[in-house]
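The structure appears below as structure tokens.
The values are calculated or read from the model by the stated rules, or taken from the named source; none is laboratory data. Just so it is clear, the structure is predicted and the values come from calculations on it, not from any experiment. Cβ sites come from the backbone with ideal geometry, for glycine too, and all protein chains shown count toward neighbours. Protein only, heavy atoms only, side chains kept; ligands, DNA and RNA dropped before computing areas. Shrake-Rupley method; radii C 1.70, N 1.55, O 1.52, S 1.80 Å.
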Amino acid sequence: MIEELNKGEGSSRFDEIDVIQPILVAIEIALADLWKSKGIVPDAVVGHSMGEVAAYVAGILTLNESAQIICLRSKLMKRQSGKGKWALQI
């Protein structure tokens, strides 16, 4: 992850869903842990998508479980990437 974050704009793989999603989740969890270390603990959390970050912050999932979820979901989404279509109403 650190290696990918340090790459230049032209060589990063941020446009690949199986790269960017785990990085985003790692950053979100790191920020939550930083806030917690400073005594900032939420009374409630709200999840997005599969909610692995919120579930981790709430103590429902471990860090390892959250990582497994985002990595598996990203891998599955990559297989389907580009196969969807937009429906336009004119």
Qualifying helices (runs of 4 or more DSSP H) (wholly inside the chain; at least 3 residues being open to solvent by 60 Å² or more (accessible area, probe 1.4 Å) and not basic (Lys, Arg)): 2-6, 17-37, 63-80
Residue ID - farthest from Met77 (Cα to Cα), chosen from residues in the stretch 21-42 that are among the hydrophobic types (A, V, I, L, M, F, W, C) and free of Cβ contacts under 8 Å to residues at least 12 places away in the same chain: Ile40
Index of the failed condition, Val46 passing every other in (1) more than 30 Å from Asn6 (Cβ to Cβ); (2) under 16 Å from the mean Cα position of the chain (by Cα); (3) modelled with pLDDT of 95 or more: (3)
